[in-house]
Amino acid sequence: MSKLWGGRFTKKTDQLVEEYTASITFDKELAEEDIQGSLAHVTMLGQCGIVPAEDVETIKSGLNKVLERIRSGSLEFSVEDEDIHMNIEKALIEEIGPVGGKLHTGRSRNDQVATDMHLYLRQRVVEFVGMLQKLQESLIGQAKANLDTILPGYTHLQRAQPILFAHHLMAYFEMFQRDIERLQDSYKRINVLPLGAGALAGTTFPIDRHLVAQQLGFDRVYENSLDAVSDRDFILEFLSNASMIMMHLSRLCEEMVLWSSTEFSFVELDDAFCTGSSIMPQKKNPDVAELVRGKTGRVYGNLVGLLTVLKALPLAYNKDMQEDKEGMFDTVKTLQGALQLFAPMVATMQVNRDRMRQAVNQDFSNATDIADYLVNKNLPFRQAHEIIGKTVLYCIQNKKYLLDLSLEEFKSFSELFDEDIYDVLQPEQVVNARNVYGGTAAPQVSAAIERAGEKCLQTASWVEQHLKE
Ligand code: ARG
């Protein structure tokens, strides 16, 4: 059979052009969605009396046979048929004869491909919300196990104030919660049906777009046919959300790489998530964390790539838009790979609490608390800051930590110091003194974990409601 659009042509397509313009090598990924969309379209054509009922049945059973052949791998796609849409239509006509040619009535590949991608991303977004929720559960698990693990909190990567390790982990919970909410919000704009827009202007056939939307589980149909076929915002939104997720993962990756270094030794990553060196027998490298950090680059690249493809593109469909797919598929795979490994990597991470505690004991991260101590004795904060700055300098010069100072030494800096300063300086006390909503005190962190658990349950039920088989 010749090309589906061959009528207007007198010459064969140049072989290189055929290869250059074809998208089948990558859009075959959309085969299931393409058939799903076609089944709904032809059903509607029947219901609207555009295609006779018996033809509709023949086409539906033909499409199901094509689907089986695709699933079993027995259907060979050809570059000659350009893309997944025409490969499937060709296979359908081969399967059931010329009646298969009725499927494309009132439809264009422009609204068809947009529909396929809406179907595809809609499902991926729900799956990603589910994967993020699993990662949140791992973080909650580690946080619960580390409600009394204290480590130095950092600013400028310099020790700042002691915090609970649970509190640190729950910061990541919040980032992933925002990612989840962004994905959930984007779902509203993904779950819109373009089909029925035709090539760009609508169709002369008396189709019912709402019927198709209902069958495919779309909440709405696109309001404007030109917009329906030229909108790729929903893909950009996904790529942008994916970029932000990767950015969050890469920050945690960086911390895991640092924490597992000998210099920090705060955590040990499970052997199953590390690899060795071909030359240095002692090495255990945090490759997964490094690679997720590294793969963040390609996800950003895919976002910038598509933004650039769409920039200044006139309405409506342009072939440039075929470039929307590879970056999207690559991002989906990259994100799946990362999230799949991340939840168990976090869950199996061994936390070296003694080492964290030792780090806290050997720093000045309780300095703010002595300043606050003097403030509570009615000294203006700025003066207290100055006094403690001098006290710390004295400690550094004399190779001591604050807890090593005698009461006389303290008193030499301010008469306001008393015996109770030693309690104030204990790391537990320093942590628990920050008993403000969202702070690191143990009761606050426990309450935060409690609230997080509820959010996790809500997310799980959202995923369950939105997963379509
Ligand atoms: N393979 C094309 C794409 O992915 C499908 C739409 C083609 N439409 C057209 N009129 N050439 O964008």
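Which residues, counting only those in region 72-98, are closer than 30 Å to PRO206 by Cβ and away from the ligand (no atom under 13 Å from the Cβ)?
Those that are closer than 30 Å to PRO206 by Cβ and away from the ligand (no atom under 13 Å from the Cβ): LYS90, ALA91, LEU92, ILE93, GLU94, GLU95, ILE96, GLY97, PRO98.
Pairs only if they're at least six apart or on different chains, beta carbon under 7 angstrom, first in region 262-280 and modelled with pLDDT of 85 or more and of a type in the set (Val, Ile, Thr), second crowded, with 17+ Cβ neighbours inside 10 Å and not in a helix (DSSP H, G or I); list them, first residue then second.
Within 7 Å, the pairs are VAL267/SER260; VAL267/MET349; VAL267/VAL351; VAL267/ASN352.
From the list ILE449, ILE396, ILE421, exactly one residue is of a type outside the set (Phe, Trp, Tyr) and in contact with a Lys or Arg (Cβ under 9 Å, 6 or more places away or on another chain). Which is it?
Residue meeting the stated conditions: ILE449.
Being surrounded by 17 or more Cβ atoms within 10 Å (Cβ to Cβ) and modelled with pLDDT under 95 narrows it down to one of ASP404, ASP363, so name that one.
Just a single option satisfies the conditions, and that option is ASP363.
List the helices (runs of 4 or more DSSP H) inside region 187-266, counting only whole elements, that have at least 2 residues being within 16 Å of the ligand (Cβ to nearest atom).
225-230, 233-259
Mind checking which helices (runs of 4 or more DSSP H) fall wholly inside region 344-406 and carry at least 2 residues that are among the basic types (Lys, Arg) and touching a residue at least 12 places away in the same chain (Cβ under 8 Å)? Walk me through how you get there before you give the answer.
Working: elements: 353-361, 367-376, 381-397.
The qualifying helices (runs of 4 or more DSSP H) are 353-361.
Being among the aliphatic types (A, V, I, L, M) and surrounded by fewer than 19 Cβ atoms within 10 Å (Cβ to Cβ) is true for just one of ALA166, ALA160, ALA197. Which residue is that?
Being among the aliphatic types (A, V, I, L, M) and surrounded by fewer than 19 Cβ atoms within 10 Å (Cβ to Cβ) holds for just one of ALA166, ALA160, ALA197, which is ALA160.
Just checking, how many residues over region 99-118 are more than 9 Å from the ligand (Cβ to nearest atom), in a helix (DSSP H, G or I) and hydrophobic (A, V, I, L, M, F, W, C)?
Adding up the residues that qualify gives 1.
For region 305-332, which residues satisfy the criterion of being surrounded by fewer than 13 Cβ atoms within 10 Å (Cβ to Cβ), away from the ligand (no atom under 16 Å from the Cβ) and either at negative phi or in contact (Cβ under 8 Å) with a residue 12 or more places away in the chain (or both)?
THR308, LYS311, listed by residue number.
Residue by residue, here is whether (1) out of contact with any Lys or Arg (no Cβ under 8 Å at 6 or more places or on another chain); (2) within 30 Å of LEU403 (Cβ to Cβ); (3) of a type outside the set (Ser, Thr, Tyr) holds:
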position	(1), (2), (3)
GLU323	yes, no, yes
GLU326	yes, no, yes
GLN336	yes, no, yes
GLN340	yes, no, yes
THR348	yes, no, no
GLN358	yes, yes, yes
SER365	no, yes, no
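Under the condition of being of a type in the set (D, E, K, R) and over 19 Å from the mean Cα position of the chain (by Cα), which residue from region 443-469 is farthest from ARG124 (Cα to Cα)?
If we take residues in region 443-469 being of a type in the set (D, E, K, R) and over 19 Å from the mean Cα position of the chain (by Cα), then GLU450 is farthest from ARG124 (Cα to Cα).
What's the number of the only condition in (1) in contact with a helix residue (DSSP H, G or I) (Cβ under 7 Å, 6 or more places away or on another chain); (2) within 24 Å of ARG357 (Cα to Cα); (3) assigned to a helix (DSSP H, G or I) that ALA460 fails to meet?
(2)
Answer yes or no as to whether ILE35 is among the hydrophobic types (A, V, I, L, M, F, W, C), surrounded by 15 or more Cβ atoms within 10 Å (Cβ to Cβ) and within 16 Å of the ligand (Cβ to nearest atom).
Working: among the hydrophobic types (A, V, I, L, M, F, W, C): yes; surrounded by 15 or more Cβ atoms within 10 Å (Cβ to Cβ): yes; within 16 Å of the ligand (Cβ to nearest atom): yes.
So ILE35 fits the description; yes.
Pick out the one residue from LEU45, LEU92, LEU63 that is crowded, with 18+ Cβ neighbours inside 10 Å and under 19 Å from ARG209 (Cα atoms).
None of the others qualify; the one that does is LEU45.
The values are calculated or read from the model by the stated rules, or taken from the named source; none is laboratory data. Fair warning: this is a prediction, and the values are worked out from it, not measured in the lab. Don't worry about glycine lacking a Cβ; one is built from the backbone with ideal geometry, like all the others, and counts go over all protein chains shown.
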